[in-house]
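Working notes, beginning with the structure itself.
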Amino acid sequence: MTEEDVKGIDGTGNGTPQVGVGSTPEPQDGEETTLVLAEIQESDTFRMRGLEDEATVERYAELFTDYMDEKRNGKKAKYPFPAIWVWFVNGVYILLAGFHRLAAARRAGLDEILVRICTGTEDEAFKIAMKDNSKHGRAMNDDDVKYAIKKAFIRFPDKSLRWMVKEVGGSLGTVHKIKNEMIQNGELQGVEKLVGLDGKEHTARRSRRDNQSNDDGSGGSGSKPKLDPLMKALEQTKKLSLAERKRYAYVFVENLVDDVPDKEGIDFLEEYIRRCEYMHNYRAGITKSNDASQATDQSAQTA
């Protein structure tokens with residue numbers, strides 16, 4: 001969907017927005033206000049999951065109903081949900097995030113709903129849809145995450161794997177797998193430049209599995225990634241916390257294999273994380289065991 005396409009959206013296809021323009025002042029970016037439900041249009045462009053989950057809609061509708069009952073009874077009612085996001089473009093409000101909440105509000109018979117307004121570009125609106133859907137509402141299942149990641153790659157093919165993990169969700173391995181599948185299926189084309197979390201561009205390299213030559217010039221898939229530097233670096237980070245060592249490993253492996261990491265690199269990373277967690281839990285268990293022993297000894301001495 002483009003800003004030109006939005007000019008004709010009205011939910012009926014007749015090309016006339018349902019709400020007249022000019023009846024209220026132009027909204028400000030980030031403004032929180034209420035909108036009449038009929039003013040809000042939906043577009044699959046910003047739908048970051050599949051269809052709404054019926055049980056979730058019903059549960060949200062009950063919360064909206066309880067909220068309205070309390071208001072009617074003169075009680076101080078707290079609004080039950082964060083504001084949904086809408087994109088204001090060409091006089092039309094397009095839903096960005098909050099499909100379950102909007103469906104529930106309609107089912108509960110509300111006239112208005114709390115919204116936060118985006119007036120930026122379509123890409124900015126899409127980023128809001130990604131981030132809000134990963135943080136609010138029903139927890140995203142594996143299918144939801146895959147659906148969102150694929151839509152994000154189609155919209156932002158020049159973003160790095162770590163950017164996708166941060167903005168959309170999922171693990172580095174999951175994002176890598178989905179990107180590879182999309183490339184193999186022709187759903188996504190490779191790019192020359194990638195943009196990382198720091199906003200800087202760097203040259204994208206093809207996966208070693210896709211290289212057409214080895215060091216010996218014989219062709220075929222390449223050699224395993226050189227992980228010796230990581231092992232040496234990790235030896236120097238023994239005193240870091242578990243979380244810090246995990247972050248370090250993620251950064252190193254992604255930089256090592258660039259935008260399409262080798263399977264060996266991902267396998268190594270996952271194995272390393274497992275070992276870090278094992279050692280962390282093992283040491284925590286030893287500490288608890290020692291503490292328990294000391295407590296038992298002290299009790300015996302005072303008895």
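The values are calculated or read from the model by the stated rules, or taken from the named source; none is laboratory data. These figures come from a predicted structure and were not determined experimentally. Every residue, glycine among them, receives a Cβ derived from its backbone with ideal geometry; neighbour counts consider all protein chains shown.
Looking across region 49-74 at every residue that is closer than 29 Å to Lys146 by Cα and assigned to a loop (DSSP other than H, G, I, E, B), the one that is modelled with the highest pLDDT is identified as Asp53. Out of (1) crowded, with 20+ Cβ neighbours inside 10 Å; (2) within 29 Å of Asp29 (Cβ to Cβ), the odd one out for Ala61 is which? Looking at each condition in turn, Ala61 falls short on (2). Of all the residues in region 89-107, those that are part of a loop (DSSP other than H, G, I, E, B), buried (at least 20 other Cβ atoms within 10 Å of the Cβ) and in contact with a Pro (Cβ under 7 Å, 6 or more places away or on another chain) number 0. Residue pairs whose Cβ atoms lie under 7 Å apart, separated by 6 or more positions or on different chains, with the first residue in region 75-88 and part of a loop (DSSP other than H, G, I, E, B) and the second of a type in the set (Ser, Thr, Tyr), are Ala77/Tyr67; Tyr79/Tyr67; Pro80/Tyr67.
Among the residues of region 117-163, just one is assigned to a loop (DSSP other than H, G, I, E, B), of a type in the set (A, V, I, L, M) and buried (at least 18 other Cβ atoms within 10 Å of the Cβ), namely Met140.
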